[in-house]
1. Looking at (1) touching an Asp or Glu at 6+ places or on another chain (Cβ under 9 Å); (2) outside any strand (DSSP E or B); (3) of a type outside the set (A, V, I, L, M), which is the only condition residue 148 fails?
2. Would you check which residues across segment 84-104 are within 21 Å of the chain's Cα centre (by Cα) and assigned to a strand (DSSP E or B) and list them?
3. Residue 279 - would you say it is surrounded by fewer than 19 Cβ atoms within 10 Å (Cβ to Cβ), in contact (Cβ under 8 Å) with a residue 60 or more places away in the chain and either in contact with a helix residue (DSSP H, G or I) (Cβ under 8 Å, 6 or more places away or on another chain) or not basic (Lys, Arg) (or both)?
4. Looking at (1) loosely packed, with under 15 Cβ neighbours inside 10 Å; (2) closer than 24 Å to residue 88 by Cβ, find the lone condition where residue 250 falls short.
5. I'd like the residue in segment 134-147 that is farther than 18 Å from residue 232 by Cα and modelled with pLDDT under 95 and, out of all such residues, is surrounded by the most Cβ atoms within 10 Å (Cβ to Cβ).
6. Within segment 58-83, which residues are in contact with a strand residue (DSSP E or B) (Cβ under 6 Å, 6 or more places away or on another chain), in a strand (DSSP E or B) and not aliphatic (A, V, I, L, M)?
7. Run residue 209 past the list (1) closer than 18 Å to residue 100 by Cβ; (2) free of Cβ contacts under 8 Å to residues at least 24 places away in the same chain; (3) of a type in the set (A, V, I, L, M) and report the number of the one that doesn't hold.
Amino acid sequence: MVANAAVVLQPSAPDAGEPPPVYAAGSAGSAGSATATIETVIHDNEAPRLVAHVAHAARVPAADIVIADRGQPDRWARATAVRDGRVAVALVVQDTADYLGVGSDATRPDGSTGARLAIEGMLSRAALVATAPADSVGTLVGYGEKVTQHVHVSPLPKLAMSAVKPSTPIAARRTTGLVAALETAVHDVGTSPPASRFVVLIGDGSAPATATPLLAQLRERADGDDIIRMSLAYGEASTATAYSVFDPHARAASDPEEVLELGDDLRAAVADRYDVDLPGVASDRGPGLDWDGGPHALVLHLGALGPVAVERPLTLPGYRAPGPRTARAAFGAVAIAGVLVALFGLASLARQWRRR
């Protein structure tokens, strides 16, 4: 995701029209534990731009935030806006009847508490509707021997366990649908509009051995899309071995209170972030970045807080802004078209004259 920058930002806060402050090699950036992920936003017939998702940092005015290319110090842009951090959350749960529990009180046939109540409590503690911006989205995917998308990508209020209809128990606890469920979740949040992306996984932690290489591939995809993962293998004798292939921080728990605490973690992660809009090309906010189709080592300067360096290079797709030559060419094309229309009109008049 993001590492502390190996640069130190000078504390001066420049005016909007000035270049970013000079920075030099030094110790870890003074932004401390702040993290940032950056994604490109490209639409047809529009200049490309960037959105930075900042976490664990005090909110900084847009005029004090600068994105810069460490390999090209003369390429930079100042932020245009700072706003609440939009999120996309995928909840993946094992939805088998024996795991969730049966009956209105969500208990198993033997009287022990199923996972449904614990997951409902986790969502209540997460308080996503109250914490996240209104345009945030969520999806709920259940898995067992098959995959069911109980809630397709929708506004967060629809992300509720009441939408889940339990599926048939799995023989020998072999959760064969785990990979397909995670594929759905990673795709849904990874292709959402710019947002901080989360996948929350809860189940008994089991998976067939054949799932291991596929889960490893999904981990790489999630890393590439900067997806934050929170995984819990919940239940008696559960193990997080399979989940940890997808999420290295996965853990096992048998106490329902630990499921509730996962909700606390999710709420804190969602609340502790904001988004920054940045122009990608030359404007009154700076000369912009070099959209040459190659990778670039970027650093986000958070004013006096210091810089946060992006851990992996970001590929900036090829783009060339329309220039004067392009404008002249367009004018020339219009002029030529006008001449052709005029000649066609004169020819028509000549034919009519001859008929007389």
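1. With respect to (1) touching an Asp or Glu at 6+ places or on another chain (Cβ under 9 Å); (2) outside any strand (DSSP E or B); (3) of a type outside the set (A, V, I, L, M), residue 148 is out only on (2).
2. Applying the first criterion (within 21 Å of the chain's Cα centre (by Cα)) to segment 84-104 yields 84-93.
The answer is 84, 87, 88, 89, 90, 91, 92, 93.
3. Numbers: surrounded by fewer than 19 Cβ atoms within 10 Å (Cβ to Cβ): no; in contact (Cβ under 8 Å) with a residue 60 or more places away in the chain: yes; either in contact with a helix residue (DSSP H, G or I) (Cβ under 8 Å, 6 or more places away or on another chain) or not basic (Lys, Arg) (or both): yes.
Spelling it out, it is not the case that residue 279 is surrounded by fewer than 19 Cβ atoms within 10 Å (Cβ to Cβ), in contact (Cβ under 8 Å) with a residue 60 or more places away in the chain and either in contact with a helix residue (DSSP H, G or I) (Cβ under 8 Å, 6 or more places away or on another chain) or not basic (Lys, Arg) (or both).
4. (1)
5. Selected residue: 147.
6. Going through segment 58-83, the residues in contact with a strand residue (DSSP E or B) (Cβ under 6 Å, 6 or more places away or on another chain) turn out to be 59-60, 62, 65-70, 75-83.
From the residues that got through so far, the ones that are in a strand (DSSP E or B) too are 65-69, 75-78, 81-83.
Across segment 58-83, the qualifying residues are 69, 75, 76, 78, 83.
7. Here residue 209 clears every test but (1).
Conditions (1) among the polar types (S, T, N, Q); (2) under 30 Å from residue 164 (Cβ atoms); (3) surrounded by fewer than 23 Cβ atoms within 10 Å (Cβ to Cβ); (4) touching a helix residue (DSSP H, G or I) at 6+ places or on another chain (Cβ under 7 Å), marked per residue:
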{"position": "52", "(1), (2), (3), (4)": "no, no, no, no"}
{"position": "60", "(1), (2), (3), (4)": "no, no, yes, yes"}
{"position": "70", "(1), (2), (3), (4)": "no, no, yes, no"}
{"position": "81", "(1), (2), (3), (4)": "no, no, yes, yes"}
{"position": "84", "(1), (2), (3), (4)": "no, yes, yes, no"}
{"position": "93", "(1), (2), (3), (4)": "no, yes, no, yes"}
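The values are calculated or read from the model by the stated rules, or taken from the named source; none is laboratory data. As the structure is a computational prediction, the values presented were derived from the model and not from experiment. In this analysis, Cβ positions are derived from the backbone assuming ideal geometry, glycine residues included, and neighbour counts consider all displayed protein chains.
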